[in-house]
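The values are calculated or read from the model by the stated rules, or taken from the named source; none is laboratory data. Since the structure is predicted, the reported quantities are computational estimates derived from the model, not experimental observations. Cβ: placed from backbone, ideal geometry, glycine included. Neighbour counts: every protein chain shown.
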Amino acid sequence: MKRPRIGVFKFTSCDGCQLSLLNLEDELLDFVGLFQVAYFREATDRPLRGHLDIALVEGSVSTERQRSHVVAVRERTRYLVTVGACATSGGLQALRNWADIDDYKNAVYPSPAIIETLPCSTPISDHVYVDYELWGCPVSSDELSETLGSFLLDKRPGIPGYSLCMECKRKGIPCLLIARSAPCLGPVTRAGCGVLCPSLERPCYGCFGPKEGANIDSLLNVFRKSGLSHHDCALLLDKMNTSAYRKARTREGPP
Amino acid sequence: MKKLKKEHLRILFGGLTESHRVIGPKIEGGVVVLAEIAVHDIPAGFEDRQMAGSYRLVTGERPEIFSFSAGPDSFKRFLHPPVSEMFAFKSSRTAIAITAPDCQGKPLAFIGVRACDIAALKLYDKVFLGGAEKDQCYESRRKDSLVIALDCSYPGDNCFCHAMGTGPSVMDGFDIALVELDASFLLEAGTIAGQRLLDVLSLEEVTEGDMKERSSRTERCLGMMKKSIRTEDLPGLIYRSLDHPRWMDIAERDLECGNCTQVCPTCFCHSHYDFVRLAGISPRAREVSGTRVRKWDSCFSRNFARVHGGNFRPSRRARYRQWMSHKLAYTFEQFGLPGCVGCGRCITWCPAGIDITREVEALRDVR
C-alpha cells in the first residue's frame, strides 16, 4: 500500500484554515511521512496531477470558475473533507447572500464592472457530495490531526457535534450567560474551539457554527428577555457562519 | 458531637492540607466554584441570588462563613473528572499493549459537602462501584477521600432537597459533619478517619443552647426553601405521562445544550474516544499508539446513544423526556435511589430557565 495522496484546495477564503494545518508544527514531519502531499499551494508549488485519496477543501464557492473547479476536485478525489466555516457554511462572505451584490460591488470597487462574482457565497456541499465537514473559523488544528489520523486508521473521528457548553462546563468555566447575562452563543454552537472566548471571559460568537439540532429561537428569546433587540440578535448570528445559523433557524424537523 | 470555635477552622484545615488536597468553595468569575483551596478562599459573607437561568453573587449581611449555597460544581468534577485517560495503548499486527494510568494522587478532602450532594455521592458509589466491574480510578480516588459535610444554613433559591428527602441536614455518609452556629461549629465524626482529625483539635462540649440553635437554624433553612416537588408516586406519574403534551412544550424551549446534565451531581454518562496523534501512527499503520479518553457526555448530545442506523431518541422532546424520566423514575429501578437530589443546579444553570419542579407540576395536570 502506498502513502495516501492528499490535496489541499482553496476557494474563497482567507487561507487561515490551511495555516491551521501548517500550524501542526510538531506533527508536520509525521504528516508528510504518512501522506504524499500531491497538491498544497500554501506549502509547495507542485502542480496537481492524478487522483487523490483525500482532499481538504477550504473556502466557499463564489465565482462561476470555482463552480466547475470544485466539481473537478470532487471527480478526482475519494474522500472530500471541507475545512472551516467558508467551505462548510459559506463563510463571512455569505453576508452578501442577504443583500444586493451590485450594491456591494459599487460600494467597494472603483471599477465594479471588472468584478466577476456570483450573487451568493455557498458551501462546498451545495455543489458536490462532501464526505466529512470540519467547522470553525479557523478550523482547529487538533481536529484536523484527528481527522487525518482517523482516515488512516479507518475510524470515525472523535469530533463532537454537541454544544460548546459541554466543553465549557468540563473546563469549569463560570457561565457568562447565567452569571452575567452575556449574549453567548455557546448553547447553540458546536464545540471544538477549546472554549477560546469564554476562557477569556468573552461570550461565544459562533465560529464553529450551529450544533446539531440547535434551538436558536429559544436562545434568542432568552437574549431578548435580557434586553437585546431583534436587530441585535440577528447581528449575533450574521457572522462567519451566517448561512448555517439562518438555515438552522428555519429547518423543519421534530422539536 | 463536639464544638469548635470558628477561628479554629483553620486548624482543621491545617491538619487536612498535610495529607490531602482540600477541595472547597471559592469565587471564580463571579461564581462559587469548587477548587483546591486554603481556608481564606472560602467566600465568607457572600450570598448568591439564583433564579431559573440566572446566578448572581452579592456581598451580603450574613454573619456565617458558609453564607452561600451550592454553585455549579460538585464532587463529581474530582471523583469522575470531566476528561480522564483510561489507558494508553500500543498495537502492532500481532499484539496490543495496554498501560493503565496512575490515578493515585494526593487524596482528596471535600469540605462543605451538602446533604444533597451526599445523596448524589451514594448514587455515584452504586454506579461506579456497585456492579460486577468496579471503576478502578473512581475506587482509588473515593477510598482515600474525606467528606467533610455541612448542614445548610441557607438554601439556594432553586433548592428543593426537603421534597426529595435528602436535606438540608446531613444524616450520614460523612467523615466529619459540620453545623455552623453563630460563634462555633458543631462537629461530629462519622468514621475513624474523621475521628482522628477531631482528636487533635481543642474541642468543647456541646450545650443544650447549641442544640436549640441548631434546630432553629434547620427550621429557618426549611422555611426559606422556595421550591418543592410533590413526590407521591413520582415514577408512576412519569410512566403515565410518556405521551403528555407538556413534553412538546418543553421541547420548544429546550436548547439541548446539555448544561443541566453537566452540573447535575448524579448525571454520570460519559463517552470514550480513542485518540491517536499522527506521531502515533507508523507508516502503513503497522503500529498504532494512542490513548483512550473518557469525557463527560450527555443524553442531550445527538451522538450519545447513537447506534448503527441512528439514535433511538431523534427529537428534543424524546431526549428531555429521557433525562427527566431517568432522574425521577428509572434510577429507582436501576439503583434503588432517586436520581434527583433536589439541589436545583439544573434550574439555575439552564440558559432557557427550564425548571424541573414546574415541569413535574405540569405533568400532574391531567390533559
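The set of residues from the range B:354-367 being surrounded by fewer than 20 Cβ atoms within 10 Å (Cβ to Cβ) and within 10 Å of chain A (Cβ to nearest Cβ) is empty. Within the range B:126-153, the set of residues being under 26 Å from residue B:13 (Cα atoms) and either of a type in the set (Asp, Glu) or not in a helix (DSSP H, G or I) (or both) comprises B:139, B:144, B:145, B:146, B:147, B:148, B:149, B:150, B:151, B:152, B:153. So which residues in the range B:268-298 are at pLDDT 95 or above, assigned to a loop (DSSP other than H, G, I, E, B) and more than 7 Å from chain A (Cβ to nearest Cβ), if there are any at all? Hits for the range B:268-298 are B:268, B:269, B:297.
Residue check: is residue A:187 outside any helix (DSSP H, G or I) and either under 25 Å from residue B:278 (Cα atoms) or at pLDDT 95 or above (or both)? Criteria not met by residue A:187.
Note on the range B:61-95: residues that are within 14 Å of chain A (Cβ to nearest Cβ) and not in a loop (DSSP other than H, G, I, E, B) amount to 10. Once the range A:19-44 is narrowed to residues that are more than 10 Å from every other protein chain (Cβ to nearest Cβ) and touching a residue at least 60 places away in the same chain (Cβ under 8 Å), the residue that is farthest from residue A:83 (Cα to Cα) is A:23.
Taking each residue of the range A:62-80 that is closer than 19 Å to residue A:131 by Cβ and looking for partners that are modelled with pLDDT under 95 and outside any helix (DSSP H, G or I) with beta-carbon atoms closer than 8 Å, six or more apart or interchain, yields A:76/A:50.
The number of residues in the range B:336-349 being at pLDDT below 95 and either assigned to a helix (DSSP H, G or I) or on the phi < 0 side of the Ramachandran plot (or both) comes to 2. Please work out which residue is nearest to the other protein chains (Cβ to nearest Cβ), limiting yourself to the range B:204-229 and to residues that are more than 30 Å from residue A:215 (Cα to Cα) and not in a helix (DSSP H, G or I). That would be B:225. Entry remark, the range B:249-267: residues being surrounded by fewer than 17 Cβ atoms within 10 Å (Cβ to Cβ) and either within 7 Å of chain A (Cβ to nearest Cβ) or among the aliphatic types (A, V, I, L, M) (or both) number 1 in total. Being touching a Gly at 6+ places or on another chain (Cβ under 6 Å) and of a type outside the set (Phe, Trp, Tyr) holds for only one residue in A:243, A:145, A:226, A:141, and it is A:243.
Results for (1) facing chain B (nearest Cβ under 9 Å); (2) free of Cβ contacts under 8 Å to residues at least 12 places away in the same chain, shown as yes or no for each residue.
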| position | (1), (2) |
| --- | --- |
| A:203 | no, no |
| A:211 | yes, no |
| A:214 | yes, no |
| A:221 | yes, yes |
| A:233 | no, no |
| A:237 | no, no |
| A:242 | no, no |
| A:251 | no, yes |
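Count, please, the residues in the range B:139-182 that happen to be surrounded by fewer than 22 Cβ atoms within 10 Å (Cβ to Cβ), hydroxyl-bearing (Ser, Thr, Tyr) and at pLDDT 95 or above. Residues meeting the conditions: 3. Residues of the range A:53-76 that are surrounded by fewer than 22 Cβ atoms within 10 Å (Cβ to Cβ) and assigned to a strand (DSSP E or B): A:53 alone.
All of B:307, B:288 fail the test of being among the β-branched types (Val, Ile, Thr), out of contact with any Ser or Thr (no Cβ under 9 Å at 6 or more places or on another chain) and more than 18 Å from residue B:238 (Cα to Cα), apart from B:307.
Selection within the range A:134-158: residues that are within 14 Å of another protein chain (Cβ to nearest Cβ) and not in a helix (DSSP H, G or I). The member of this set that is surrounded by the most Cβ atoms within 10 Å (Cβ to Cβ) is A:140. Among the residues of the range B:239-248, those that are more than 10 Å from every other protein chain (Cβ to nearest Cβ) and in a helix (DSSP H, G or I) comprise B:239, B:240, B:246. Picking from residues in the range B:304-335 that are in a helix (DSSP H, G or I) and aliphatic (A, V, I, L, M), the one that is nearest to the other protein chains (Cβ to nearest Cβ) is B:318. Which pairs have Cβ atoms under 6 Å, sit 6 or more apart or on different chains, and link a residue in the range B:235-248 that is within 23 Å of residue B:334 (Cα to Cα) to one that is of a type in the set (Ser, Thr, Tyr)? Correct list of pairs: B:238/B:325.
Residue selection: residue B:64 satisfies the criterion of being within 19 Å of residue B:178 (Cα to Cα), touching a strand residue (DSSP E or B) at 6+ places or on another chain (Cβ under 7 Å) and of a type outside the set (A, V, I, L, M, F, W, C). Checked against the criterion of being out of contact with any Lys or Arg (no Cβ under 8 Å at 6 or more places or on another chain), at pLDDT below 95 and within 14 Å of another protein chain (Cβ to nearest Cβ), the range A:159-182 contains one or more residues that satisfy it.
For the range A:166-177, check the following and say yes or no: at least one residue is part of a loop (DSSP other than H, G, I, E, B), under 17 Å from the mean Cα position of the chain (by Cα), surrounded by fewer than 19 Cβ atoms within 10 Å (Cβ to Cβ) and not assigned by TED's automatic domain parsing to the domain that holds residue A:132. No, that holds for no residue.
Kindly indicate the residue of the range B:303-330 that is free of Cβ contacts under 8 Å to residues at least 24 places away in the same chain and basic (Lys, Arg) and also surrounded by the fewest Cβ atoms within 10 Å (Cβ to Cβ) among those meeting that condition. Applying the filter and picking the extreme gives B:306.
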